[in-house]
Amino acid sequence: MNSFNTKFLYFILIASAINYASGQGFQVNLQGQKQQGMASAGSAFAQDESSIFYNPGTAAFVRPGGISLGVTPTIPNTAFLDSASQTITRTQSPIGTPFTAYALFAIKDSSNLKFGIGVYTPFGSTVQYPKAWLGRFAITQLKLQTIFFQPTITYKINELVGLGAGFVNAIGSVNLQKDIPILDSLGNYGNAELDGRANGYGFNLGVYVKPTRKLSFALSYRSQVNMRVKFGNANFNVAKGVAANFPNGKFTATLPLPQVITFGTRYQVNEKLNLVADINYVGWKAYDTLAFDYETNTSSLLDTKSPRLYKNTFAFRLGGQYDINEKFQARVGIAYGISPVQQGYVTPETPDGNRFIFTGGWSYLINQHFQVDASIYFTQFKREAINYETKMSGTYKTAVVAPGISVRYIF
Amino acid sequence: MEKILIIISVLCLCACKPKLKPTEPKAGKVNPNNIVYIGTNDMAGYSDGALSNDGQKNSLAYLIAQQLKNIGGGEITQPLVEEFYNGFGLSNVTSTIVTAKSYLSNKADCKGVVALSPIKPNANATYANLRASLTPANYNNLSVPFAKSFHFLQPSYGTNTSYYYNPFFERFAKNKNTSSVISDAENIAPTFFVLQPALYDVLQYAMNGGAADSITNITRFETAIDNLINKLTANGANGAVINVPDVTTFPYFKTITYNGLTLDSAKVKDLTLVYNVISSGSISFSVGANPFVIYDASAPIGARQIKADEFILLNTPTDSLKCNFFGSLNPLNDRNVLTTSEINLIKTAITKFNNKLKSVCDQKNLAYVDANSFYNTLSGGIIYNGVTVNALFVKGGAFSLDGINLNPFGNALLANECIKAINKQYQSNIPHLSATNYRGVVFP
């Protein structure tokens, strides 16, 4: 027989690291229970330390400061209906646990200058498909974790204006797995696992304006953070006879977390009722291509460039907070998010779509030093999609429930 | 607090199962009561160079039948080869030497270069085993490897002494002395059929490099198709007819490159010395890649160098090419090569055959499965649920190790083409196979 080389050109790694569950594309807004109760609006509402994330300028008006710790277990479920075979696959993703920790304090009680630190996890979900599902050669599992550390300084210029700035140091990890369409004699397909640690830097700026007691505005800018994986491990497990074509080795990749511009406002209707509205403009266009650069290339293992071609997008958020009494507050919110993922580029790990978000929440002031905040977040969305790269075609439907709780110590 | 917990639980329950509703399967004008499958190798489950139990359980007919179950089609009954046998392979229908199915392994060639190659183990079945009749049953997969259009109509096609005889049919013919494939089919009184009538009408000729066998005469072909279709539709049955692919896209013809004769200056000198005398310059060599030399009666000296658009077949012993001056000092034989004129004969015949099949389908309102278009697309590459497949040998992922027949994954892709055509013709809604559930090439 002719001698065959064992070049398998069809090995194309495609991947993206996205928390599709709790916000369009990467954008997650589960960084404060009070805001979460109002559909993640409230950047212009100076209530607690979580303003460090939502608008560092607003944080200048939070008084007296405090420490808060929160967690929001996120339960995502996606079903995929393959249009050709009419079979349904359900994800087996575990519960995500994004958490928040904030501290905000002034050196002197009377000082207009405050220092703060925010530690939060804008991504923390795992997308996992069942073994041997029909998209196994596109993706079987994507696990992404990130932790942002944001030391912040915020200054109340006068009774009208607050400014704040934070520096973001992001660390994270990514683990991506998929099957390789090479079958061994035991009937097992090959498998690829990319695993790496990533880090990146960014900043968070905000200005807060309060022209009257009843009305306030906020404008914030969170910069793009490029998460770089420098020495990730690429491990391949394929039939022995062709293993030499898939050498284990290092890889590098970069994932952009987009810039976000937020304009927010808060209006106090009366002593008990506050309304908030936020608009986010998210710079998704940065996510143009997902590239993997392997240290060791072979004819079977080429560097890959997968087009993502995301577009910049908006989210609109409305919420209200009602003070039931001195101790209790209740909240509701509704939001509409526009997906950055264009038709043709929807992937099983990002079955993203336009969605409505419904939220509720409450707070209870135990005493002058302790407060408990809780929220619940719900969204469901559907996307009919064909992917140009994998030719997968079908309908994705995702539902997410994220109940969250935080405790707050007030100085 | 309790109320909140209840609300959260309810929300969680709703969210845990996003609901999606698959489209209900629908029979349309397909009557699935009695389905019959008639075809050749792919339909029978001949793959990796032999008919085997494993191949039959992934046959094109079997795979289509699995999906027709969604609209009420019954189980397919196939004349299964005993699992014990490692395959009933024949080089052609008149051969009496049974070979096993191939597997892929690393093997050293004559130069000691180790590479993945199909290996044929010793057969554990004999020709007598192949001929041994199975318990008669109303098999509804009546597909017979190597059968041509007019063979399906031959009475006594399973009789060893017949002029047209096929041992694969002898195995399961209802009456091996009298049955024709079509008479066994009529016996089932089909309400629906899947027919692949004409592959071997060109393929046998092509696989022999045009040196043996012949392409079915068009008149004979048209008569055979009319007869087959008339008999199958006599009681009002609907059906699907699979057309003839351009067989020259198969890896059997495309794997060995025409200019694989790699020469150094010493060899160029030697060969030039030989051919200069006899060819008076019509055959010349240079250092590097050269076209192989083939026998061609129409060439001035009875041999010439092969042209870029001609094919060297996989029946060519490659060790001889590499180490024994086969294709240089010893020209390649007619049976190893398809020349331009042979290729033209094949392509012209395929066009005529498919015109006939299309017009019959139009007349009788049958589903026309354009396998030709499928194989053409395949040779350019198809991406299916994240897997890229093409018509390359072994690495292409769709063909079996014989370079002719598809592997189960390839069969599943072709089965989906059949389902598409049926759905379109009969307003049915038969779901496609999830093709990645079926194996491709197995690597060591």
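Let me spell it out: the conditions are (1) surrounded by fewer than 20 Cβ atoms within 10 Å (Cβ to Cβ); (2) in a strand (DSSP E or B); (3) more than 18 Å from the chain's Cα centre (by Cα), and residue A:314 meets all of them except one. Which number is the exception?
(3) is the only condition that residue A:314 fails.
Which of the residues spanning region A:358-403 are more than 8 Å from chain B (Cβ to nearest Cβ) and assigned to a loop (DSSP other than H, G, I, E, B)?
A:366, A:367, A:368, A:369, A:387, A:388
Does residue B:377 qualify as being of a type in the set (Val, Ile, Thr) and closer than 27 Å to residue B:28 by Cβ?
So residue B:377 fits the description; yes.
State which residue is surrounded by the most Cβ atoms within 10 Å (Cβ to Cβ) when the search covers only region A:166-176 and only residues that are at pLDDT below 95 and of a type outside the set (A, V, I, L, M).
A:172
Which pairs have Cβ atoms under 6 Å, sit 6 or more apart or on different chains, and link a residue in region B:119-137 that is basic (Lys, Arg) to one that is surrounded by fewer than 16 Cβ atoms within 10 Å (Cβ to Cβ)?
none
Output the number of the condition that residue B:418 fails; it satisfies all remaining conditions of (1) outside any loop (DSSP other than H, G, I, E, B); (2) more than 28 Å from residue A:88 (Cβ to Cβ).
The single condition residue B:418 does not satisfy is (2).
For region B:421-440, how many residues meet the condition of being in a loop (DSSP other than H, G, I, E, B) and in contact with a Gly (Cβ under 6 Å, 6 or more places away or on another chain)?
So the count comes out to 3.
Can you report the number of residues in region B:288-322 which are aliphatic (A, V, I, L, M) and assigned to a loop (DSSP other than H, G, I, E, B)? I'd like the intermediate steps shown before the answer.
We begin by selecting, within region B:288-322, every residue aliphatic (A, V, I, L, M); these are B:289, B:293-294, B:297, B:299, B:301, B:303, B:306, B:308, B:312-314, B:321.
Remaining after also requiring assigned to a loop (DSSP other than H, G, I, E, B): B:297, B:299, B:301, B:306, B:308, B:313-314.
Adding up the residues that qualify gives 7.
From the list A:175, A:169, A:158, exactly one residue is without any contact (Cβ under 8 Å) to a residue 24 or more places away in the chain, farther than 22 Å from residue A:406 by Cα and away from chain B (no Cβ under 14 Å). Which is it? Reasoning before the result, please.
Details: A:175 fails: without any contact (Cβ under 8 Å) to a residue 24 or more places away in the chain; A:169 fails: without any contact (Cβ under 8 Å) to a residue 24 or more places away in the chain.
Being without any contact (Cβ under 8 Å) to a residue 24 or more places away in the chain, farther than 22 Å from residue A:406 by Cα and away from chain B (no Cβ under 14 Å) holds for just one of A:175, A:169, A:158, which is A:158.
May I ask you to verify whether residue A:69 is modelled with pLDDT of 95 or more and surrounded by fewer than 18 Cβ atoms within 10 Å (Cβ to Cβ)? Walk me through it before giving the result.
Working: modelled with pLDDT of 95 or more: yes; surrounded by fewer than 18 Cβ atoms within 10 Å (Cβ to Cβ): yes.
So residue A:69 passes the test.
Checking residue B:63 against (1) modelled with pLDDT under 95; (2) in the same structural domain as residue B:240 (by TED's automatic domain parsing): exactly one of these is not met. Which one?
(1)
What single numbered condition from (1) assigned to a strand (DSSP E or B); (2) surrounded by 21 or more Cβ atoms within 10 Å (Cβ to Cβ) fails to hold for residue B:353?
(1)
One line per residue, one yes/no per condition, for (1) part of a loop (DSSP other than H, G, I, E, B); (2) within 14 Å of chain B (Cβ to nearest Cβ):
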{"position": "A:52", "(1), (2)": "no, no"}
{"position": "A:70", "(1), (2)": "no, no"}
{"position": "A:75", "(1), (2)": "no, yes"}
{"position": "A:104", "(1), (2)": "no, no"}
{"position": "A:108", "(1), (2)": "yes, no"}
{"position": "A:122", "(1), (2)": "yes, no"}
{"position": "A:132", "(1), (2)": "yes, yes"}
{"position": "A:138", "(1), (2)": "yes, yes"}
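Residue check: is residue A:95 within 14 Å of chain B (Cβ to nearest Cβ), surrounded by fewer than 19 Cβ atoms within 10 Å (Cβ to Cβ), within 18 Å of the chain's Cα centre (by Cα) and not charged (D, E, K, R)?
Values: within 14 Å of chain B (Cβ to nearest Cβ): yes; surrounded by fewer than 19 Cβ atoms within 10 Å (Cβ to Cβ): yes; within 18 Å of the chain's Cα centre (by Cα): yes; not charged (D, E, K, R): yes.
Answer is yes for this residue.
Is one or more of the residues making up region B:299-306 surrounded by fewer than 20 Cβ atoms within 10 Å (Cβ to Cβ), among the basic types (Lys, Arg) and under 22 Å from the mean Cα position of the chain (by Cα)?
The answer is no, given that none of the residues of region B:299-306 is surrounded by fewer than 20 Cβ atoms within 10 Å (Cβ to Cβ), among the basic types (Lys, Arg) and under 22 Å from the mean Cα position of the chain (by Cα).
Scan region B:406-419 for residues that are in contact (Cβ under 8 Å) with a residue 40 or more places away in the chain and within 11 Å of chain A (Cβ to nearest Cβ) and jot them down. Let's see the steps before the verdict.
Initial filter on region B:406-419 (in contact (Cβ under 8 Å) with a residue 40 or more places away in the chain): B:406-408, B:411-412, B:414-415, B:417-419.
Once the filter is applied, which keeps residues that are in contact (Cβ under 8 Å) with a residue 40 or more places away in the chain and within 11 Å of chain A (Cβ to nearest Cβ), region B:406-419 yields B:407, B:408, B:412, B:419.
The values are calculated or read from the model by the stated rules, or taken from the named source; none is laboratory data. The structure displayed is predicted, hence computed values, not measured ones. Cβ sites come from the backbone with ideal geometry, for glycine too, and all protein chains shown count toward neighbours.
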